[in-house]
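First the structure, in the form of structure tokens, and then the observations on it.
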Amino acid sequence: MNAATLTLLGQLLRQDLRERYAGTVLGMFWLLAQPLFMLLVYAVVFGEILQLRLGTATDSAQFTAWLFTGLTAFNALAEVLTRAPVLLTERRELLLNSSLPPALLPLLPVGASLVLEGLSVGLLLLWLGLQGQLQPLGVVFYLPFLLLRVVFSLAFAYGLAVLGVFLRDLRQMMPPLLTVLLLVSPIVYPLTVVPETFQAWFEWNPLAQLVQGYRVALLEGQFLWQPFLALLLLASGLLGAALWLFQRLLWRARYVL
Amino acid sequence: MSTAILLENAGVAYRRYAHPRDALLEWVLRRERHVLFHALQGVSLSVQAGDSLGVVGDNGAGKSTFLKMLAGTLPPTQGSCEIRGRRSALLELGTGLQPEFSGVDNARMGLALRGLAHADIERCLPEVLAFAELGEFAHQPVKTYSSGMVVRLVFAVAAVIEPAVLIVDEALSVGDQYFQKKSLDRMRAILGNGATLVFCSHNLYQVREMCRQAVWLEQGRVRMLGDAQAVVDAYQDSVRCRAASPRSLSGVEGKGMGGSSPQLFDVSLNRDLFQTNDLFRLSIRASQGERPLADVHVGIVIRRNDEVQCYGISTLHDGVPMQVVDDGVLAVTFVMDHLPLLSGEYCLEVWLIDSSGVHVYDSRERCCAFRVQQAGQQQGVGMVMLPHRWEEVVDAVAA
């Protein structure tokens, strides 16, 4: 990737982020305002009013952090999954009338998800710091799981972007699919509340393992080796397949854009 | 001189699918589900660096496909297409413009899309803004721009980076006269610096002015390639020929498409070479369609080849009704007993309008080209002979 391509990618990413908030009063501050709002609402509603203690945590601040960590990982993935199927069709004109390399486009939602997640994790660390719960090694152990999340995101972005051109229904399928994904993964509830008979099924859920990795790293300052290696294998495999699919199908996609 | 553009038997075929998913099923099932459409076939030509190529042809003749292939946004499906040096294309107007963002932001994006790195973009930006003459609008969202401002911005981005090959599609027609001149001057300057120009326009006059060579595309194939003047003339002849030959009358009279609206089907001039003061007779025939006789009028405009409008008049303004010559066929003949035009090349515009003079049923533009020659300077200089006399001076002293 040369300097010009990098500049183009930077421009596209900047445009992509600014596009959502163009014309709003808060502008780019919304990027920060959304996770901040989410964190405060969880703290008040779940922690103070409902007094939920579903996690392993014992007080409300810990529960808030536990919930927020899980949702941070999930929201970053959801960002990519909802946008990927419309990526190429939304920029149809640009793809057909300029020399924009199509392979750059799937990087956009992944880049946006990184910005969103970065801000969320920053807030979380701040929150943990205020509570005196900050784990010194937490960030170090978190980064490998972030890498996993990015590799998964890239795989879905490339795969869904090209498939979305042929299967226009994909964009409609994503929101309900994400709701199902959220409910079948221990994100808003801990694995321990799942009945014994179903637990084996839940353990096979890669998203559950990923979220678990995030939580153990950021909240407990430990690193889960086994899930990391297993997920790395899975994510690389998926990414390889997605890139192959993207390459094979792209020229066909031009005809039906 | 080196070759800048080299096409060898190049062609582009589109696959047409009934539904987007068919393209995927075709790949999975390995069974053909498409219909091939050849937008362009067997184009072989070469353009030297510093040369200019005009592209003419009817709508749907493959001009856009040809330009997209040259611009590199559409790879040829057969043959080869080789371009040497950085190319910059001005294809569809407004492509990639983000209406919510300012002109400056969009200019940055446009330059990045043309392969400029960050430092080069910042270096070129002031020049782009100066050329586009957006003034204080440069920092306003593009959605507030007039179409003229959009074309100025887009052209500035395409032209400022000094490409080795500049490809310009029908885009300049949107700008005002001043900007059209400015952009044509810019294209000439780029050409003068040794770059190559590919220029497509329906304004054949501009093609003739800008380009040394031209290619005439018809139904995806090269109909003619060569000297711009010759190609444009041949194309114009063919357009004229079609304009003069009656369109299938049965189709016009039938209840099918266009059956209800009046259409021109014959516009013919008594000759195409006149002497000043000759008889000028223009016969026009049109179908009446389903309109009352009083609601169908003909307007004509005489234009010189430098676009100067010499004279225009209509049966509506002269209060002359059209005549019924056949069932549903109207005719009118415009006569000047002594053509006052002086030497030059002219053409006609013929408009079929309604009684309000606003709605146009049908028109022929740049048809019936004709040339006028004058006997000599004694008939005067300029465009037309004006009625005049020299008055005797009363207190003249006899010589």
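Counting only Cα atoms, segment B:131-233 measures 46, 29, 23 Å along its principal axes, largest extent leading. Mind pulling the angle between the C-alpha long axis of helix A:170-184 and the longest principal axis of chain A? Nearest 10 degrees, somewhere in 0 to 90. On a 0 to 90 degree scale, this one is about 20.
What does the charge add up to near B:R371, with Lys and Arg as +1, Asp and Glu as -1, over the other residues with Cβ less than 9 Å from its Cβ? Around B:R371, the charge tally is -2. Per the Debye formula on identical point scatterers at the alpha carbon atoms of chain B, with no solvent, log10 I(q)/I(0) at q = 0.06, 0.11, 0.13 Å⁻¹ is -0.34, -1.01, -1.21. Taken about its Cα centre, segment A:28-256 carries a charge dipole of about 800 debye when Lys and Arg each add +1 at the Cβ and Asp and Glu each add -1 at the Cβ. Find out how many positive minus negative residues lie around B:H19, taking Lys and Arg as positive, Asp and Glu as negative, among other residues whose Cβ is under 10 Å from that of B:H19. Summing Lys/Arg as +1 and Asp/Glu as -1 gives +2.
Length, then width, then depth: along the principal axes, the Cα atoms of segment B:3-239 run 56, 47, 31 Å.
With a simple spin-label model that places each label point 7 Å from the Cα along the Cα-to-Cβ direction, the separation between A:L243 and B:S80 comes to 2.9 nm. The calculated FRET efficiency for the pair A:L191 and B:V381, based on their C-beta separation and a Förster distance of 56 Å, comes to about 0.05. With viscosity set to 0.890 mPa s and temperature to 25 °C, compute the Stokes-Einstein D of the protein assembly as shown, Rh being the Kirkwood radius across alpha carbon pairs; µm²/s, no decimals. Answer from the Stokes-Einstein relation: 81 µm²/s. Secondary structure note: in chain B, about 75% of the DSSP beta bridges are antiparallel.
Within the straight-line cut-off of under 15 Å between alpha carbons, the aspartates and glutamates reachable from B:K181 are B:E133, B:E170, B:E209, B:D306, B:E307, sequence neighbours fewer than 8 places apart in one chain being disregarded.
Take the alpha carbon atoms of segment B:19-85, find their center, do the same for segment B:312-342, and report the distance between the two centers in whole angstrom. After rounding, the separation between the Cα centres reads 46 Å.
Taking every residue in A:8-18 and counting other chain Cβ atoms within 10 Å of its Cβ, the average works out to 4.
In terms of other Cβ atoms within 10 Å, A:L146, B:L348 run from fewest to most in the order A:L146, B:L348. Computed over segment B:3-239, relative contact order equals 27 percent, with contacts defined as Cα pairs under 8 Å that lie 6+ residues apart.
Rg over Rh for segment A:1-139 works out to 1.08, using Cα positions for both radii and the Kirkwood form for Rh.
Once the Cα-Cα distance is subtracted from the 0.36 nm per residue extended length, the B:E127 to B:D337 segment shows a gain of 70.1 nm. For B:K143, a cut-off of 16 angstrom between C-alpha atoms picks up these aspartates and glutamates, skipping any fewer than 8 places away in its own chain: A:E19, B:E100, B:D105.
A convex hull fitted around the alpha carbon atoms of segment B:336-399 yields 176 Å³ per residue. A P(r) calculated from all alpha carbon pairs of chain A, with 10 Å bins opening at zero, reads 7, 27, 34, 22, 8, 1 percent.
List the residues of segment A:63-96 whose backbone N lies under 16 Å from a point placed 7 Å from the Cα of A:Q172 along the Cα-to-Cβ direction. Hits in segment A:63-96 for A:Q172 at 16 Å: A:85-86.
Within the shell defined by Cβ-Cβ distances under 14 Å, the residues around A:Q34 carry a net charge of -1, with Lys and Arg each +1 and Asp and Glu each -1. Considering only B:Q373, B:M336, B:C347, the residue lying farthest towards the positive end of the dipole of segment B:256-375 is B:Q373, judged by Cα position with unit charges set on Cβ. Of the residues B:R86, B:R366, the one with the fewest other Cβ atoms within 10 Å heads the list, and the complete ranking is B:R86, B:R366.
Taking the Cα centre of segment B:256-375 as reference, the dipole from Cβ charges on Lys and Arg (+1) and Asp and Glu (-1) amounts to some 240 debye.
For A:T179 and B:N270, the FRET efficiency from 1/(1 + (r/R0)^6), where r spans their Cβ atoms and R0 equals 60 Å, is about 0.15. Packing here is the average count of other Cβ atoms within 10 Å per residue, and on that basis the peptides A:188-200, A:11-23, A:64-76, B:54-66, highest first, run A:64-76, B:54-66, A:11-23, A:188-200. Normalising the Debye intensity of segment B:256-375 to I(0), with uniform scatterers on Cα atoms only, and taking log10 at q = 0.15 Å⁻¹ returns -0.66. Relative to one another, the C-alpha centroids of segment A:187-257 and segment B:347-389 are positioned 75 Å apart.
Per q in 0.13, 0.22, 0.23 1/Å, what log10 I(q)/I(0) does a Debye calculation on the alpha-carbon atoms of segment A:117-180 return? Rounded to two decimals, the profile gives -0.57, -0.94, -0.97. To test your reading of the geometry: what angle, between 0 and 90 degrees and rounded to tens, separates the Cα axis of helix B:177-192 from the longest principal axis of chain B? Taking Cα atoms only, the helix is inclined about 50 degrees.
The modelled label-to-label distance between B:A396 and B:R31, using points 7 Å beyond Cα along the C-beta direction, is 9.8 nm.
Taking the fewest neighbouring Cβ atoms within 10 Å as the starting point, the ordered list for B:D233, B:D362 is B:D233, B:D362. Entry note, chain B: relative contact order of 14 percent, from Cα contacts under 8 Å with a spacing of 6+ residues. Among beta bridges from DSSP that stay inside the protein assembly as shown, the antiparallel ones total about 75%. Taking the Cα centre of the protein assembly as shown as origin and assigning +1 to Lys and Arg Cβ atoms and -1 to Asp and Glu Cβ atoms, the resulting dipole is close to 1840 debye.
Bear in mind these aren't lab numbers, they're just calculated from the coordinates by the rules spelled out. Small disclaimer: the values here were computed from a predicted structure and weren't measured. Here the Cβ is made from the backbone with ideal geometry for all residues, glycine too, and neighbour counts use every protein chain on show.
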